[in-house]
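Take a look at the structure below.
The values are calculated or read from the model by the stated rules, or taken from the named source; none is laboratory data. Values in this document were obtained by computation on a predicted structure and should not be read as measured data. Glycine gets a Cβ as well: all are built from the backbone with ideal geometry, and neighbour counts include every protein chain shown. These area figures cover heavy atoms from the full protein model, side chains too; ligands, DNA and RNA do not enter into them. Shrake-Rupley method; radii C 1.70, N 1.55, O 1.52, S 1.80 Å.
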Amino acid sequence: MSDLSPQSAGPFILVVDDEAGIRQLCCDVLRRSGFAVEAAADAAVALRRIEAGLSGQGAPVDLVLTDIKMKPVDGLRFLEALRDLSPGLRVVLMTGYPTMETAVRGMQLGARDYITKPFTPVELRALVKEALSGWRPSAPSAEGAPSGEVETLGGLVACSASMRGLLATIRRLAATEASVLITGESGTGKELVARAIHDLSRRASGAFVPVNCSALVDSLMESELFGHLKGAFTGASSRKAGLFQFADKGTLFLDEIGDLALSLQPKLLRVLQEGEIKPVGEVRSVPVDVRILAATHQDLEAGIGSGVFRQDLFYRLNVFHLRIPPLLERRDDILPIARTLLADLGQRMGRGGPMEVSQEGQRALVGHDWPGNVRELKNVLTRAATLASGEVLSEADLALGGGGRSLLASPGGYLYEGLTLDEVERRHILHHLEKFEGNRSHTARVLGINRTTLWKKLSRYGIEDDLDEPEEG
Ligand SMILES: Nc1ncnc2c1ncn2[C@@H]1O[C@H](COP(=O)(O)OP(=O)(O)OP(=O)(O)O)[C@@H](O)[C@H]1O
Ligand SMILES: [Mg+2]
């Protein structure tokens, strides 16, 4: 994935051209580069969209990429109107007529640059990046709370600028029907974000249906998703509705979409394109009204490269991309989230009030690298709150050790000095199993191996009996 996360904090580009082919091309190229992009087929539509951004009714437009020769209003008149509406707005022109006069006139009207059609994706990307150089997100005051304040949305607690930006984007996306691809490391809150989008949307009264694409057997997945007729296959003893039907008028959350079987990908793509499903064994298609949100911790673009994920499906799912940063990149969120979790724990454990964390404990929480992100934070606090004797959790209660991402050095020297490779592997696996409370799916994922490989290693090291069979999370 691109390292930009424009929908949360990056620049927003509006492509204006009366030729559908050019609009599509520009949008594809720019989206692939990680930008948030929308298209308008004429100047009037574009002006309305820019106005909406200015009045906070949509994402503010940061760059306009516009054709010069357009109907009914041509590009130069559009530029004049833009100059009135939003004088500082960055504009880049596209022209099929490389006459100096038009380009010069455009620059006089405030355009930053121009590109001559036909152009290559590389040229377009370079020009847009150049035009956006020096761009900074507008002050959060327009949308989020002032810096340092804690905001909440659904179950999400946010204090860092990046997370509060993300909450603002969630509110905007909730008002749309766009498919959203949510990416982030394990435990960063992808499912919570999906729920927040659903809960704020006009579909809130419909169902939110989460599906874990990696938990279902490939051969059953099709009937799980789309349903089946009686007798459609051996074992189909009665007619069954699929998850798409359950999610009708609501939201289907396709979790771990990177694990969706290649054979099912064209079928999902068809639903997204046509808005109808075909239950297994059925000849006719049935219309469904479902919004799709998808999540993955994987790099889908790498999956496209290696042939395990279809590019056309990726584009359909990735209309908007929300990247949730790892907790390590937003340490400002650690204590506010911890406070909320402790208040929750205090209540569930029947204590008089929330538990506190000592000064040293707070420093340890903020200094820890949280490879398991918020889920790990929750586990650490739950364990500490359960075992602690008093009302204040000390650094020792938290027992964070040095379990960071890069803490191979210890006060005594190299941490694994004198250990065999097998022993290092055994400890590494145990450490993660404990962290994820025995959840093998999460452990395998963080270790970058599949569950079968993990299972083999566990039996090899004789640790499979120490742990309960995990619940899938
Ligand atoms: N910003 C947040 N504020 C409060 N709680 C959070 C926040 N982010 C995540 N959590 C909590 O952390 C836990 C993990 O979140 P969630 O299940 O949404 O993560 P995920 O990204 O879907 O993880 P995975 O990839 O492992 O499925 C949940 O208990 C969730 O409630
Ligand atoms: Mg999840």
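Structural remarks
- Any hit, the stretch 419-426, residues being of a type in the set (V, I, T), at pLDDT below 85, outside the structural domain of V217 (by TED's automatic domain parsing) and open to solvent by less than 50 Å² (accessible area, probe 1.4 Å): yes
- Between R32, R48, the distinction of being open to solvent by 40 Å² or more (accessible area, probe 1.4 Å) and either farther than 23 Å from A168 by Cβ or in contact (Cβ under 8 Å) with a residue 24 or more places away in the chain (or both) belongs to R32 only.
- Scope the stretch 441-451; condition within 15 Å of ligand 2 (Cβ to nearest atom) and open to solvent by 20 Å² or more (accessible area, probe 1.4 Å); matching residues: S441, R445, V446
- Residues located in the stretch 356-389, provided they are of a type in the set (S, T, N, Q) and either in contact with a His (Cβ under 8 Å, 6 or more places away or on another chain) or under 15 Å from D333 (Cα atoms) (or both): Q362, N373
- Given (1) surrounded by fewer than 21 Cβ atoms within 10 Å (Cβ to Cβ); (2) hydrophobic (A, V, I, L, M, F, W, C); (3) outside the structural domain of R270 (by TED's automatic domain parsing), index of the condition I304 fails: (3)
- Within the stretch 259-288, the set of residues being surrounded by fewer than 19 Cβ atoms within 10 Å (Cβ to Cβ) and within 15 Å of N318 (Cα to Cα) comprises Q265, L269, L272, Q273.
- The stretch 244-300, subset outside any loop (DSSP other than H, G, I, E, B) and among the β-branched types (V, I, T), residue nearest to ligand 1 (Cβ to nearest atom): T296
- Among (1) in contact with a helix residue (DSSP H, G or I) (Cβ under 8 Å, 6 or more places away or on another chain); (2) open to solvent by 10 Å² or more (accessible area, probe 1.4 Å); (3) within 15 Å of ligand 2 (Cβ to nearest atom) - the single one C159 does not satisfy: (3)
- Selected residue (criterion: nearest to R323 (Cα to Cα)) from residues of the stretch 174-186 that are of a type in the set (S, T, Y) and more than 9 Å from ligand 2 (Cβ to nearest atom): T183
- Condition check for T340: surrounded by fewer than 21 Cβ atoms within 10 Å (Cβ to Cβ) and either of a type in the set (S, T, N, Q) or outside the structural domain of F226 (by TED's automatic domain parsing) (or both): yes
- When the test is whether a residue is in a strand (DSSP E or B), open to solvent by 50 Å² or more (accessible area, probe 1.4 Å) and within 30 Å of V180 (Cβ to Cβ), E38 passes it.
- Residue within the stretch 330-344 that is polar (S, T, N, Q), assigned to a helix (DSSP H, G or I) and touching a residue at least 40 places away in the same chain (Cβ under 8 Å) present: yes
- The set of residues in the stretch 182-218 being more than 13 Å from ligand 1 (Cβ to nearest atom), at pLDDT 90 or above and among the hydrophobic types (A, V, I, L, M, F, W, C) consists of L200, A204, A207, V209.
- Number of positions in the stretch 115-138 that are modelled with pLDDT under 80 and not in a loop (DSSP other than H, G, I, E, B): 0
- Filtered residues of the stretch 71-117 (kept if out of contact with any Pro (no Cβ under 7 Å at 6 or more places or on another chain), surrounded by 13 or more Cβ atoms within 10 Å (Cβ to Cβ) and among the polar types (S, T, N, Q)): S86, T95, T102
- Subset of the stretch 236-266 (residues that are of a type in the set (D, E, K, R) and touching a Lys or Arg at 6+ places or on another chain (Cβ under 8 Å)): R239, K249, D255
- Looking only at the stretch 187-210, and only at residues there that are more than 16 Å from ligand 2 (Cβ to nearest atom) and small (G, A, S), the one that is surrounded by the fewest Cβ atoms within 10 Å (Cβ to Cβ): S205
- Subset of the stretch 253-300 that is polar (S, T, N, Q) and within 16 Å of ligand 2 (Cβ to nearest atom) - its residue that is nearest to R202 (Cα to Cα): T296
- Output for the stretch 343-376, where each listed residue is within 15 Å of ligand 1 (Cβ to nearest atom), open to solvent by less than 50 Å² (accessible area, probe 1.4 Å) and over 26 Å from the mean Cα position of the chain (by Cα): A343, L345
- Note on the stretch 241-254: residues that are touching a Ser or Thr at 6+ places or on another chain (Cβ under 9 Å) and over 13 Å from M221 (Cα atoms) total 3.
- Checked against the criterion of being outside the structural domain of R339 (by TED's automatic domain parsing) and modelled with pLDDT of 90 or more, the candidates R105, R90, R112 yield just one match: R90.
- Answer residue from the stretch 169-186, given it is among the aliphatic types (A, V, I, L, M) and open to solvent by 10 Å² or more (accessible area, probe 1.4 Å) and is farthest from F246 (Cα to Cα) among those: A175
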